[in-house]
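No value in this document is a laboratory result; all are computed from the given coordinates. All values reported here derive from a predicted model rather than from experimental measurement. Neighbour counts are summed over all protein chains in view; Cβ atoms, including those assigned to glycine, are modelled from backbone coordinates with ideal geometry.
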Amino acid sequence: MPMYTGTAPSGIYIVTGKDPGSTGNDYPPQIFFSVDAQGRQVITIKHSVYSGSSWQYRTTEITSDLVNGTTSKRSKTGTTVDAGTWSSSSSYPDLLNGVLFSDKGIAALEGTLADNYVNNNVVVNANAWTVTTDFSASKNITITNNLTYQHEVDATKQLTDPLNLRVPYLGMVGSQVVIAPPKPPFWAASATRAVGDKIWPGTANSNLNGYYYVCTQAGKSGTSVPSSWSTTNGASITDGTAKWTPMKDDVTVDGVIMATSTSSGGSITTQAQIDGQKRGACTINGGCIVKTAAIIGTFNGTKTTQGYDENYKYDVRMAEGPLTGFPSTDSLSIISWQIVY
């Protein structure tokens, strides 16, 4: 996974290896953004490498110190995911240029982007990333959970306000972008439940109501499904000796998504829509640029019946200039736009 040449800041280039757990199958990387206790940007990449005479799993951790303008990297390799011992950390005297490229798609993308480094109301080092695949070869990105900024733009304040200056930037480019958060299991009879367990109400897609339910009292579920599942915040649903409280089954993606696929299913889609499952709201804070209309959910004229309610919020900062590595043109002007159902 080349990253730094030693002569100038560069990006992250992930060459897809083979799956150590199968024969001949590709192992597209999984990418997780996080913020450490010092406020640094951590990027954890799970991929594979050829070691000795076989493919092995590797976890690579890259840390961007935006305050000091430096980068560090360490990794571990093993026969199972996340196995192995961390190597010594390698340090580099610059920040990366913000481009993260995977040649054969991205199997998982989620997490939190750290704040920009701001000093005296000036963005000294921006935490700006373009996560992209070989979209010309129909390689996709799958967003597997919330993908958010550490802080959001406050639309009630000027973009030059110190609170807004700290907000990072993210662009994603793939042939198709699929939003696919985890799915809890359906309710089951006589099941032992622990505090924190999550379920969907009922036993089939037709029971889904845009909420999942978190166990707040351990116990064993009843022999028959509860007759009603409240959607009132803080409500308690009794199920045998267990109790549940409702939580909105939402997902949030911060950043601009560009998808180039001409698939009839849309350039941007959700796994819930594919599976015919009704979930909560899908909020995209940034914008969408698509070749074929996005299909986030199905609306019957009265309500969303499967997939997600759609909620788009435009990030005007993205019009000021493209992110490094983000496809752009200076010959296009937006005159007006309309959402057509």
Isotropic mean projected area of the C-alpha convex hull, the chain (nm²): 21.2
Net charge contributed by nearby residues that have their C-beta within less than 13 Å of residue 311 (K/R +1, D/E -1): -1
Estimated FRET transfer efficiency when R0 is 41 angstrom, pair residue 328-residue 88 (beta carbons, to 0.05): 0.55
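So if I place +1 on the C-beta of Lys and Arg and -1 on the C-beta of Asp and Glu, and nothing else carries charge, what would the dipole magnitude of the chain be about its Cα centre? I want it in debye, nearest 20. Provide the component values of the computation, followed by the final result.
Details: 23 positive and 25 negative charges, 148 e Å.
So the dipole magnitude of the chain works out to roughly 720 debye.
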Rel. contact order, % - alpha carbon contacts under 8 angstrom, at least six apart, the chain: 11
Distance (nanometres) between label positions extended 7 Å along Cα→Cβ at residue 97 and residue 264: 4.1
Karplus (6.51, -1.76, 1.60) ³J(HN,Hα), θ = phi - 60°, over the stretch 131-142, in Hz, Gly and Pro reported as x: 9, 9, 10, 7, 5, 5, 9, 6, 9, 10, 10, 10
Distance between modelled label sites at residue 44 and residue 137, nm, 7 Å Cα→Cβ extension: 2.8
Length-normalised contact order for the stretch 192-248 - Cα pairs under 8 Å, 6+ apart - percent: 36
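Taking the alpha carbon gyration tensor of the stretch 95-211, what are the square roots of 5 times its eigenvalues, largest first, to the nearest whole Å?
Here the semi-axes work out to 35, 22, 12 Å.
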Charge context of residue 154, other residues only, Cβ under 14 angstrom, K/R +1, D/E -1: -1
Set of lysines with alpha-carbon distance to residue 198 below 22 Å, sequence-local pairs under 8 removed: 183, 220, 243, 248, 278
Those lysines that a straight Cα-Cα span of less than 19 Å connects to residue 46, excepting residues fewer than 8 apart in one chain: 18, 73, 76, 104, 139
The stretch 192-248: equivalent-ellipsoid semi-axes (sqrt of 5 x gyration tensor eigenvalues, Cα, Å): 16, 13, 10
Spin-label model distance (nm) - residue 217 vs residue 156, 7 Å beyond Cα toward Cβ: 3.8
For the stretch 167-299: span of alpha carbons on each principal axis (Å, largest first): 50, 35, 22
Dipole in debye (nearest 20) - the stretch 178-312, about Cα centre, beta carbon charges: Lys, Arg +1; Asp, Glu -1: 220
Rg and Dmax [Cα atoms of the stretch 113-182; Å; Rg one decimal, Dmax integer]: 14.9, 44
Under Karplus coefficients 6.51, -1.76 and 1.60, residue-wise ³J(HN,Hα) of the stretch 117-130 in Hz, glycine/proline x: 8, 10, 9, 6, 6, 10, 6, 7, 9, 8, 8, 10, 10, 10
Hydrodynamic radius by Kirkwood, which averages 1/r over all alpha carbon pairs of the stretch 144-229, in angstrom: 16.7
Length gained when the stretch residue 317-residue 238 is fully extended (0.36 nm per residue, less Cα-Cα span): 23.7 nm
Backbone HN-Hα couplings from phi across the stretch 165-173 [Karplus 6.51/-1.76/1.60, Hz, Gly and Pro as x]: 4, 7, 6, x, 9, 9, x, 10, 10
Added length on full extension, which subtracts the Cα-Cα distance from 0.36 nm per residue, residue 302 to residue 188: 38.0 nm
Residue-averaged [θ]222 nm for the chain, counting only DSSP H segments that reach four residues, each worth -39500 (n - 2.57): -500 deg cm²/dmol
Under-5 Å amide H pairs with residue 118, H placed in peptide plane, nonlocal only: 124
Whole-number percent relative contact order across the stretch 1-150, with pairs defined as alpha carbons under 8 Å at least 6 apart: 22
